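K.L.:
Below you will find the structure I want to go over with you.
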Amino acid sequence: MRLTDEELTARKRRNLWIALGLVAFIVLVFLTTFLRLKQNIEARKALETAAVAEAPAALPMDRS
Amino acid sequence: MSDARPKLSTAQPGDYFQLLKPRVMSLVIFTAVTGLLVAPGSINPLVAAIAVLCIAVGAGAAGALNMGLEGETDALMKRTRGRPVAAGRVNKNDALAFGVILSLFSVMLLGMNTNWVAAGLLGLTIVYYAGFYTLMLKRRTPQNIVIGGAAGAFPPVIGWAAVTGDAPWQAWLLFLIIFLWTPPHSWALALYSAGDYARAGIPMMPVVKGARSTRLQILIYSLVLVPVAIVPGLTDLGGPLYLGVSVVGGLLFLLLAFRLWRSRAGDQPEADRVHGGPTVGREAALYDVRIDAKPARNLFAYSILYLMLLFLALLVENLPASPLVCPSCA
């Protein structure tokens with residue numbers, strides 16, 4: 001099947017935009033993963049800090 | 001002899017962009033951003049930007065599904081016959097596939113990026129608009145846009161949920177404003193497009209109940225909408241600016257609704273004055289009306305400005321305390 005010039009040009013443009021869309025999606029997934037990891041690490045650090053701060057108060061209870 | 005060769009699509013990327021209903025999308029983005037900024041709590045600016053993008057693409061996907069499903073009907077109406085599927089520039093199945101893929105991508109990414117409450121609400125909005133409204137309500141009842149209007153009211157709730165992970169009553173108050181705003185807005189347009197809707201077999205209120213009943217219902221909905229729109233100004237959501245905008249803007253809305261009620265707009269269905277003319281399928285077709293339909297056109301145009309101003313006032317008042325602008329204020 002021979003495609004007309006108009007069909008070829010339109011297909012090329014659509015393919016280009018599909019490629020750009022997919023690249024954008026990959027970048028967004030990467031950014032999302034990175035941001036979620038960062039948030040989780042910060043949340044874990046905050047929990048650990050809180051646990052350390054509470055630890056001395058819990059010690060006398062443990063000894064009794 | 002005719003060319004029997006199967007024709008490959010000559011649709012341009014711009015046609016696919018039109019499938020996303022960019023004008024509707026801009027209102028969705030605006031209300032979603034407001035919900036996101038008004039919500040208490042903190043959110044990373046990049047997470048917020050991706051969330052807004054997901055909501056916009058999700059809303060656009062619903063528009064693409066709507067156009068894919070409604071191509072034949074759209075072709076019968078002046079206002080919509082220039083749309084890509086109706087005009088034959090994009091194949092119906094291509095539009096549907098485009099809508100489904102964007103729906104999946106946007107919901108999935110919003111869930112990963114923020115939380116699954118927001119993603120679930122976005123998914124619900126898409127299904128509600130494309131499935132419930134387009135396929136079931138639109139052709140069955142003159143209350144189609146009343147019930148279907150909920151789809152357009154979800155974006156601020158989704159924006160709010162993206163920050164907090166839940167949807168408290170304040171978020172639903174924003175939902176209620178858009179929900180109550182939709183009937184007077186849509187019916188004002190329908191009053192001077194009734195001929196179009198009748199030709200397409202869509203039972204819009206002016207087609208089924210007549211112009212007089214529609215004008216009365218617009219006034220009643222306006223009388224309910226305006227006080228409800230003032231409520232955020234009496235809560236933590238809005239301040240004096242919002243209160244002023246909602247009161248003054250609301251009074252003007254009521255004045256235009258009252259003038260419309262007193263008018264004869266829609267009594268005589270519009271003739272095909274622009275049938276095949278230069279305004280067909282273009283924005284100008286929304287505002288180019290006969291003199292007796294001007295009260296309807298005025299309310300339709302003002303209703304867009306009114307909603308924009310309400311949400312803009314909320315945005316302006318909450319922006320300084322927003323975690324996006326002032327992280328320590330959250």
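The values are calculated or read from the model by the stated rules, or taken from the named source; none is laboratory data. Nothing here was measured: the structure is a model prediction, and the numbers come from that model. Note that each Cβ is placed from the backbone with ideal geometry, even for glycine, and that neighbours are counted across all protein chains shown. Please note that ligands, DNA and RNA were not included when accessible areas were found on the heavy atoms of the full protein model with its side chains. Shrake-Rupley method; radii C 1.70, N 1.55, O 1.52, S 1.80 Å.
K.L.:
Could you order B:Asp196, B:Asp166, B:Asp292, A:Asp5 by accessible surface area, starting with the largest, using a probe radius of 1.4 Å?
P.N.:
So the residues, ranked largest to smallest area, are A:Asp5, B:Asp166, B:Asp292, B:Asp196.
K.L.:
Next up: Before we go on, tell me the buried accessible area for the A/B pair, both chains summed, 1.4 Å probe, in Å² to the nearest 100.
P.N.:
Rounded to the nearest hundred, the buried surface is 1900 Å².
K.L.:
Measuring from label point to label point, each 7 Å out along Cα→Cβ, what is the B:Arg140 to B:Met308 span in nm?
P.N.:
3.5
K.L.:
If you don't mind, another one. Taking R0 as 56 Å, what FRET efficiency do you get between B:Val316 and B:Ala97 from their Cβ-Cβ distance, rounded to the nearest 0.05?
P.N.:
0.85
K.L.:
Sticking with this structure for a sec: Hey, with R₀ at 45 Å, roughly what FRET efficiency would B:Val247 and B:Phe132 work out to, going by the Cβ-Cβ distance, to 0.05?
P.N.:
In this case the efficiency is close to 0.80.
K.L.:
Ok, one more. What is the percent carbon and sulfur in the accessible area of the stretch B:17-329, measuring with a 1.4 Å probe over the protein chains and ignoring ligands?
P.N.:
68
K.L.:
To continue, here is another question. Considering only B:Arg81, B:Arg259, B:Arg23, give the residue with the highest GNM mean-square fluctuation for chain B, with springs between Cα atoms whenever their separation is below 10 Å.
P.N.:
B:Arg23
K.L.:
Would you mind checking the radius of gyration and Dmax of the stretch B:17-329 based on alpha-carbon positions, in Å?
P.N.:
Using the Cα atoms of the stretch B:17-329, the pair Rg, Dmax is 19.4, 60 Å.
K.L.:
OK, next. Taking the Cα centre as origin and putting +1 on Lys and Arg beta-carbons and -1 on Asp and Glu beta-carbons, what dipole magnitude results for the protein assembly as shown, to the nearest 20 debye?
P.N.:
1140
K.L.:
I would also like to ask the following. Highest GNM mean-square fluctuation, chain B, Cα pairs closer than 10 Å: which of B:Phe98, B:Phe175, B:Phe154?
P.N.:
Comparing B:Phe98, B:Phe175, B:Phe154 in a Gaussian network model of chain B, the most mobile one is B:Phe98.
K.L.:
Between B:Val248, B:Val85, B:Val163, where does the largest GNM mean-square fluctuation fall for chain B, given springs only between Cα atoms within less than 10 Å?
P.N.:
Residue with maximal mean-square fluctuation among B:Val248, B:Val85, B:Val163: B:Val248.
K.L.:
Can I ask one more? In whole percent, how big is the carbon plus sulfur part of the accessible area of chain A, probe 1.4 Å, protein atoms only?
P.N.:
Carbon and sulfur: 67 percent of the exposed surface of chain A.
K.L.:
Shifting gears a bit: Could you work out the mean count of beta carbons from other protein chains within 10 Å of each residue's beta carbon in B:8-17?
P.N.:
Across the residues of B:8-17, the mean count of other-chain Cβ atoms within 10 Å is 5.
K.L.:
Please calculate the 1.4 Å probe accessible area of B:Tyr16, with all protein chains present, and give it to the nearest 10 Å².
P.N.:
We get 40 Å² for B:Tyr16.
K.L.:
Within chain B, which DSSP H helices have Cα atoms that stretch 20 Å or more along the helix axis and a mean Kyte-Doolittle hydropathy of at least -0.5?
P.N.:
Helices meeting the span and hydropathy rule in chain B are B:22-38, B:45-74, B:92-113, B:169-191, B:211-230, B:240-262, B:294-318.
K.L.:
Sort all Cα-Cα distances of the protein assembly as shown into consecutive 10 angstrom bins from zero, then give the percent of pairs in each bin up to the one containing the longest distance.
P.N.:
Per 10 Å bin, starting at zero, the Cα-Cα P(r) for the protein assembly as shown comes out as 5, 20, 27, 24, 14, 6, 3, 1, 0, 0, 0 percent.
K.L.:
Could you please state, rounded to a whole Å, how far the C-alpha centre of the stretch B:154-197 is from the C-alpha centre of the stretch A:1-54?
P.N.:
30
K.L.:
Moving to a separate point now. In percent, how large is the relative contact order of chain B, given Cα pairs closer than 8 Å and 6 or more residues apart?
P.N.:
21
K.L.:
If you line up the long axis of helix A:5-63 against the longest principal axis of chain A, both from Cα atoms, how many degrees apart are they, to the nearest 10?
P.N.:
Relative to chain A, helix A:5-63 is tipped by roughly 0 degrees.
K.L.:
Accessible area per residue, 1.4 Å probe, Å², for the stretch B:17-329: what's the number?
P.N.:
40
K.L.:
Another question about this same structure. What nm distance separates the two modelled labels at A:Phe30 and B:Leu223, each placed 7 Å from Cα along Cα→Cβ?
P.N.:
Placing both labels 7 Å along Cα→Cβ, they lie 6.0 nm apart.
K.L.:
Could I ask something else about it? Quick one: if you stick a label point 7 Å off each Cα along the C-beta vector at B:Ser9 and A:Leu20, how many nm between them?
P.N.:
That separation, rounded to one decimal, is 1.7 nm.
K.L.:
Could you calculate the FRET efficiency of B:Leu104 with B:Leu216 from 1/(1 + (r/R0)^6), where r is the beta carbon distance between them and R0 is 41 Å, rounded to 0.05?
P.N.:
About 0.45, to the nearest 0.05.
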